[in-house]
Amino acid sequence: MPVHNADIAAVFDEIADLLEIENANPFRVRAYRNASRTLQGLGRDISGEVQDHELALKLPGIGVDLSGKIVEIVTTGKCQALEKLRKETAPGLPDLLKLPGLGPKRVGLIYHELDVHTPEQLLRALKDGRVQQLPGFGDKTADRLMEALETHIAETPRMKLASAAQYAEPYAEYLRATPQVGEVVIAGSYRRSRETVGDIDILVAAQDSAPVMQRFVSYDDVKEIQAQGPTRATVFLKNNLQVDLRVIAPESFGAALHYFTGSKAHNIAIRRRGQQRGLKISEYGVFKGKKRIAGETEESVFAAVGLPWIPPELREERGEIEAAVNGLLPVLVELSDLKGDLHAHTKATDGHNSLIEMARAAQQRGLHYLAITEHSKHLTIAHGLDQKGLLKQVEQIDGLNAQLRDFTLLKGIEVDILEDGSLDLPDMVLGKLDLVIGAVHSNFHLPRAKQTDRILKAMDHPHFTILAHPTGRLLNQRDPYDVDMSRIIRHARQRGCYLEINAHPERLDLLDTYCMMARDEGVMVSINSDAHSTTDFDNLKYGVGQARRGWLEAGNVINTRALTELRKLLRKTM
Ligand code: DGT
Ligand code: CA
Ligand code: CA
């Protein structure tokens, strides 16, 4: 990796910041800042000339010490002095520097005077009025800071569901090995299959909480025990994931499970329903006066307020209670309902496995069909197929299908929707396929009307069948592009197209609320893995979770159909 002037300047700036926080000699601080400015203003990269110490020395403001550091950074990629300073500084302080109006001087002041070194602590100190008493902090500055902190804290990225699973599941499994332990359930947003989670909430049923508690805090991956009481604890894992534990007596387990599954809005609505019936509902049970009338199971809690059990994915206070009252709860789609997968890649483009390997892996998971949908040529980074490459694959698939038993590979393509709404391959070629998935992979920033029209126009193609990852968002990385999804959904119905729920943990796109919209408009979806390797079929369960959050039943999902039925659905009715 070549080292650019900007990299060296960034090191010097950070050193200057940290020194200033620590009230170092102002001349030293200024030397680093000046050197940083000089480097950034230099018309050429200095890294090619580091052998020439003299040269660095000739630059204004760079002496022997700093020129030595430049050589060190260029040759080793590191700077010992910075590493040492970082170790000596409280870890949250650099984050505070990014807030508006907080330079190193002020950060140093709040750190030394108030022992504040994280955004959370700073917000608390501002709310208590402690910061406002420091010299140089007016009410205006304080207000601006509070506002910035509130957004900053709200924007701390939440962990993707599939990543959280890698930590939460083994932890729960480890707790299950505690002697005398009853049920162990991961509750909270995780149980509701939210696409990201803020923290993990584990519930354990046990008469005696001490052994569970002991085991919980001694887990290998625990970095810090934040709080520990007789029946509850909070820890941080090495990756900073927060895990809350509650140990509950078996007779209260259902009430606690309901409470800690949430969502909060759903809980409040259920509690209100209880109040209307003269009942008090808490995490310990359902009470009439002092008498516990329910709480051992979740079913008993719902029954106490006259409701059937409601699946966790629906508990978002989006009409689930009304639906339950009226006997209109959906029978949600399950992973075992899926008969096939309609979006997968192979080695022919950016996948890792061959056609036959993908087919066998899908069949092993109980699927009966798999559509191969490579990228098209416009997506050069993925080695997208041109017409010739695609036709070659079509022949290979025909050959394989003649050999496969009880399994069918479908011929498809994930064709780029170009900026003007045309497709990246001619209709004549697309007509030879079983299905055509259209995808937006470029021009993400078109204005809303243009972006929407582009997609509507693509759907008008005679062979277009499924709109891939309809909003284009990548969790914690890329916002959805700006489109009018209700127009797209209505157009899909008119054109006989379907929308994909892309099950890749970074996408989970279609979003749950749009699944509800599609269902209301009578537009079916396809839950697809977008597999690039044989293990990616594991992700289908997250797509199913998203569909369930969107109230979808098996009947709303085209790939729950047997192949003959599916083929009828794929024939476009225009
Ligand atoms: P997260 O962690 O941000 O992804 O979302 P949750 O839903 O897991 O929230 P969390 O971990 O703060 O709390 C777990 C559940 O506990 C939450 O879904 C509902 C319940 N809960 C927490 N605080 C309250 C509260 O103040 N009132 C009520 N009724 N329930 C609460
Ligand atoms: Ca949680
Ligand atoms: Ca929690």
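The values are calculated or read from the model by the stated rules, or taken from the named source; none is laboratory data. From a predicted model like this one, the values you see are computed outputs, not experimental measurements. Don't worry about glycine lacking a Cβ; one is built from the backbone with ideal geometry, like all the others, and counts go over all protein chains shown.
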ask   = What are the residue pairs meeting all of these: first residue in segment 176-193, first residue within 12 Å of ALA205 (Cα to Cα) and away from ligand 3 (no atom under 12 Å from the Cβ), second residue part of a loop (DSSP other than H, G, I, E, B) and among the acidic types (Asp, Glu), Cβ atoms under 7 Å, and 6 or more apart or on different chains?
value = GLN180/ASP208
query = Of everything in segment 243-290 that's near ligand 1 (Cβ under 10 Å from one of its atoms) and part of a loop (DSSP other than H, G, I, E, B), which residue is surrounded by the most Cβ atoms within 10 Å (Cβ to Cβ)?
reply = GLY262
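Matching residues to (1) surrounded by fewer than 20 Cβ atoms within 10 Å (Cβ to Cβ); (2) in a loop (DSSP other than H, G, I, E, B):
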{"site": "ASP482", "(1), (2)": "yes, yes"}
{"site": "SER486", "(1), (2)": "yes, no"}
{"site": "GLN494", "(1), (2)": "yes, no"}
{"site": "CYS515", "(1), (2)": "no, no"}
{"site": "ASP520", "(1), (2)": "yes, no"}
{"site": "VAL523", "(1), (2)": "no, yes"}
{"site": "GLU565", "(1), (2)": "yes, no"}
{"site": "LYS568", "(1), (2)": "yes, no"}
key: Residue list for segment 166-213, restricted to those being assigned to a helix (DSSP H, G or I) and within 13 Å of ligand 1 (Cβ to nearest atom)   = ALA168, GLY188, SER189, TYR190, ARG191
query = Is it the case that HIS375 is surrounded by fewer than 19 Cβ atoms within 10 Å (Cβ to Cβ) and in contact with a helix residue (DSSP H, G or I) (Cβ under 7 Å, 6 or more places away or on another chain)?
reply = no
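Out of the residues in segment 526-538 that are in a helix (DSSP H, G or I) and in contact with a helix residue (DSSP H, G or I) (Cβ under 7 Å, 6 or more places away or on another chain), which is farthest from ALA162 (Cα to Cα)?
THR534
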task = Determine whether ALA362 is in contact (Cβ under 8 Å) with a residue 12 or more places away in the chain and of a type outside the set (Asp, Glu).
result = yes
ask   = Would you say ILE293 is outside any strand (DSSP E or B) and among the hydrophobic types (A, V, I, L, M, F, W, C)?
value = no
request  = May I ask you to say which residue of GLU88, GLU150 is farther than 30 Å from ASN5 by Cβ and out of contact with any strand residue (DSSP E or B) (no Cβ under 7 Å at 6 or more places or on another chain)?
outcome  = GLU150
key: Filter result (within 15 Å of ligand 3 (Cβ to nearest atom) and either surrounded by fewer than 20 Cβ atoms within 10 Å (Cβ to Cβ) or not hydrophobic (A, V, I, L, M, F, W, C) (or both)) within segment 194-208   = ARG194, THR196, GLY198, ASP199, ASP201
note = Exception for ASN240 within (1) surrounded by fewer than 16 Cβ atoms within 10 Å (Cβ to Cβ); (2) in a strand (DSSP E or B); (3) within 15 Å of ligand 3 (Cβ to nearest atom) falls at (2)
ask   = If only one of LYS568, LYS541, LYS572 is of a type in the set (D, E, K, R) and free of Cβ contacts under 8 Å to residues at least 24 places away in the same chain, which one is it?
value = LYS568
ask   = Looking at segment 214-231, is at least one residue within 14 Å of ligand 1 (Cβ to nearest atom), surrounded by 14 or more Cβ atoms within 10 Å (Cβ to Cβ) and more than 15 Å from GLN166 (Cα to Cα)?
value = no
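Just checking, which of ALA255, ALA233 is modelled with pLDDT of 95 or more, more than 14 Å from ligand 3 (Cβ to nearest atom), farther than 18 Å from GLU320 by Cβ and among the aliphatic types (A, V, I, L, M)?
Going through ALA255, ALA233 in turn, just one is modelled with pLDDT of 95 or more, more than 14 Å from ligand 3 (Cβ to nearest atom), farther than 18 Å from GLU320 by Cβ and among the aliphatic types (A, V, I, L, M): ALA255.
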query = Within segment 357-388, which residues are assigned to a strand (DSSP E or B) and of a type in the set (A, V, I, L, M)?
reply = LEU370, ALA371, ILE372, LEU385
